[in-house]
1. Which residues, taken from the range B:24-51, are at negative phi and without any contact (Cβ under 8 Å) to a residue 12 or more places away in the chain?
2. More than 34 Å from the chain's Cα centre (by Cα) and not hydroxyl-bearing (Ser, Thr, Tyr), is that true of A:Arg578?
3. Please determine, by comparing only the residues of the range A:254-288 that are hydrophobic (A, V, I, L, M, F, W, C) and not in a helix (DSSP H, G or I), which one is farthest from A:Leu126 (Cα to Cα).
4. Hey, can you tell me all the residues within the range B:136-180 that are over 16 Å from B:Ile99 (Cβ atoms) and at the interface with chain A (Cβ under 7 Å from one of its Cβ atoms)?
5. In the range A:476-501, how many are more than 26 Å from the chain's Cα centre (by Cα) and within 14 Å of another protein chain (Cβ to nearest Cβ)?
6. Scan the range B:112-122 for residues that are touching a residue at least 24 places away in the same chain (Cβ under 8 Å) and either over 15 Å from B:Gly216 (Cα atoms) or small (Gly, Ala, Ser) (or both) and report the count.
7. Looking at A:Ala147 and the list (1) at pLDDT 90 or above; (2) more than 17 Å from the chain's Cα centre (by Cα), which single condition is not satisfied?
8. Among A:Leu412, A:Leu438, which is the only one that is touching a Leu at 6+ places or on another chain (Cβ under 9 Å), more than 9 Å from chain B (Cβ to nearest Cβ), among the hydrophobic types (A, V, I, L, M, F, W, C) and in contact (Cβ under 8 Å) with a residue 12 or more places away in the chain?
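The values are calculated or read from the model by the stated rules, or taken from the named source; none is laboratory data. Please read these numbers as outputs of a predicted model, since none were measured by experiment. Heads up, the Cβs are rebuilt from the backbone with ideal geometry, glycines too, and the neighbour counts pull from every protein chain shown.
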Amino acid sequence: MTLTLLDELLLFSGVTVLVALFLGRRLPAGWMVTILYGIQLLSLLKMAPLGYGGDPIPSTLILEVMGQTLSWRFDALSWYFALITLGSALLSSWYACGEWEQRFRQAGGNVWLFHLAMALNVFSMLILLASGDLLSLFIGWELVSWAGFLLMAMAGGVATRAAMRYITYAMVGAMAIFGGIALVYVSAGSLQYDAILTAVSQMGTPHLWMLVILFSAGFGIKMGLMPFHLWQAPAYAETPGPGSAFLGAISSRMGLFAILLVLVKLFGIVNIESLKIPFTLIDARDLLAWIAVFTIIFPTFTAMKQNDARELLAWHGIGQGGYMLLGLVVADAMGAAGGLLHVFNHATYQAALFMAVTAVIHRTGTSDLNKLGGLVVRMPLSFMVLLVGIIGLAGLPPMNGFVSKWLVYRSLLNEGMPLLFVAAVIGTLGTILSVYKLIHNIFLGQLRVEHEHIKEAPWSMMIPMLILAAIIFITGLLPGIPLAWVASVQEAVGLSVPNYTLGGVESASGSLDMIWVIGVLFAGFGIGALVFYSAGKSKRVHQLDNYAGGHFLTADIRYQYSDNFYAGLMHLIGGWYRGSFLWLEKSVKSLVEFLSLGMQGIYRRANAEFYLLSTALFVIAWVVI
Amino acid sequence: MAPLELIIELVLMPLVAFIVGLMMVLMMRRIAAKLQRRVGPPFFQPLYDIVKLHGKRTQVSHGMIHDIGIVMAMGGYIAAETLLPVPGMNGIAEKGGIITLLYLMMIPSLGLALGVGQCANPNGSIGIARALTAMLAYDIPLVIVVFGVAYAAGTTNLVEIIATQQAGGFETWGAVQMPLLAIAGLIAMHASLGKQPFEIYIAPAEIATGPMVEMGGKYLGGLFVMQSFQLYTTSVLYVSLFLGGGTTWFDFLLKSFLVLAIPVSIAYLFPRYRTEDLLRLMWKWPVMLGLIGIAFVM
């Protein structure tokens, strides 16, 4: 038996888990695991033809369970998501294994468990991405859920509570997916993708509706789609630093992967579009698109109100997922390309942002946006990484986030969807406000006395951050590199492909060439610099040498604007934050509590005769009828 | 197009924008003077100001990002001008389109925001917070307008949008075809200039001129240059979207100056709004007009 490339990859990934499990208590365990991620990535790169339209690679492992065949294989879609998974795992683990790990251990953290949880996450994600039928998909899905739980819960305290909330949501999602799979099995008689593809064309409307609702709810919970988004921000924010970088980069995208596979590839957007909602003008696709834009807007504006850097980023992570789904359900060549490209772009800048914030926590011990400020003079490289990251997150040129959002905007324009377009832009504007608050409150403004002697983040943390920053810029300059992979994903799931070039997209209704745009931008900066620096030489003054309306500033005076940053905006929209979803969650929770109390009451009564009687009656009724 | 020709265009376009921008500053001051019954400054005053500010002996820097912010504020606009077609020159307008132009125009604001942030003065930071809020206010009607125009034209390519209007004559001008969008666009454009009654982020009486509080010498000079570019870019963009661009330099400049004269004249007649009132105003009237306008386009 010869091993295929996929077997090799899964084998390496399994070995990584074993190494983390058995050798993880040795000192250089972090480095060993990181190197193993590197080997996995190399093994994935050997499958690179997949990213350029190559044939799917099967695994030799095939299981027969109760008449069901379970198989695993990698196609362009799996390869693209696996590349992002392994890339973020490698960089997060690299980031973790130096000084961060020592500090984490000193603070009482369990380094062994951290690396094990990371390795388990990567392994289970690869299993999920390789799934070759709905049953193996479900197995992979469950593995990912529990592995994620382990990583989220390990910090204890608040983190464990957040993780419990996550796993509750995840189990509800799993039930929905399981129900969906059962329904599919009933109508298709098999869980193989090919059989489902043929069965879908014969399904009735109510049947398809049920499936779309079950699967999009089940997978949507993982993505944090509205109204199932509440679990995500606290769970990601409380995960130990590099772990949150990894989770924020890729974890919830597993939901998007599954949506792509099941809703787009198997059911087909055309079929979803044919599901009209009675008495309205919209169909199931529009419904998904609107869920996507609400997922963009509400979490983004919630992020704006956060006073903790990690919470802020985690909330944005939810919002950015909305852009991906939006592009995918618009499903024309540009929109789908934008949505898919955004998965890659988001992973790069979100990981960089979480790492930069973790670096700040590493040096200052806090991520409270009201207790920082002025750090740019102490941590200039971290500032630069955060700046690159927020430009990507806000979707401005010259970083990669701009390209994917541009594609989504263009598709909404082509398809003539003004309200969705405006909603998507509102999300971007909200993001700009929010990320400026982030960078201002951490790195700009007044440097606090207690931070006067802190140093730049250590190199072990700095290098992965710089690599990410470079990727964010390069894929912004040359979006053609990831767009080639995206194009083969689009082909693999049966979507049309845009006419992409190295610098962007060619289209009759308006093209984009980032090489030129960034070229002139930097030329402009050059001229600006020439004008600026050729003028009189400037003198650097102390930060307390500042206008204060006639007062003298001294070191003990806090001269910084950080709290309630957008006061004017909040005067108007502050009252619109009603916590409705929290209320909804609470009411579901108390309903469940009430029901369980009722059940408990019946159970506690322990009236044996009553149970016997009712069972007997039930059996009689069953037999008679 | 020959590469040499393109390079000449890429150099000329920002240069023209700068010169016209300076004249627009002059016009703004002259209008203010007329309304306030003053004489107003001489023709070369804007140029004198820039030279003076850059030549000052006292130049106070609050650090690296303070400097870079000013460079970004100027450089971003210089780059944006090459995406904005003028009579006879298209630069790289076809390689970006209007969405890219709108986003590129945010780079100078980002640079300014970063630079002001490092000044460690809460007045400046409040000014930026207000400026970003203002952006959230006026950009929503603005993107509705841009959507309407681009959808009606079937392209985001500014060159084509202008060419279509010029080919069909006056009746095909954006303002004639889509009057509601044109009105909404004018209101949003006025707010984007940050002039009264929308100058919430300068507000000298409240936050000591906000972003400019720690700016002097060449720093203020850089902001002056940025403002000239901003006046030019905003009015030329409006002319391109709604008034058929320019076939000759004469009607191009005439239209641009006239368009700009409207918000500037209004500006000096009104006091300042509060931040939340600006949001309320922008999200109500131009948004409503824009949405109705789009409904007509679709």
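1. Filtering the range B:24-51 down to residues at negative phi leaves B:24-36, B:38-39, B:41-51.
Correct list: B:Arg30, B:Ala33, B:Lys34, B:Arg38, B:Val39, B:Pro42, B:Phe44, B:Tyr48, B:Val51.
2. No; evaluated as a whole, the condition is false for this residue.
3. A:Phe279
4. Of everything in the range B:136-180, just one residue is over 16 Å from B:Ile99 (Cβ atoms) and at the interface with chain A (Cβ under 7 Å from one of its Cβ atoms), namely B:Leu136.
5. Going residue by residue through the range A:476-501, those that are more than 26 Å from the chain's Cα centre (by Cα) are A:499, A:501.
Next, only the ones that are within 14 Å of another protein chain (Cβ to nearest Cβ) stay: A:501.
Residues meeting the conditions: 1.
6. Step one: list which residues in the range B:112-122 are touching a residue at least 24 places away in the same chain (Cβ under 8 Å), which gives B:112-121.
Imposing the further condition that a residue be either over 15 Å from B:Gly216 (Cα atoms) or small (Gly, Ala, Ser) (or both) reduces the set to B:113-115, B:117, B:120.
Matching residues across the range B:112-122 total 5.
7. (2)
8. A:Leu438
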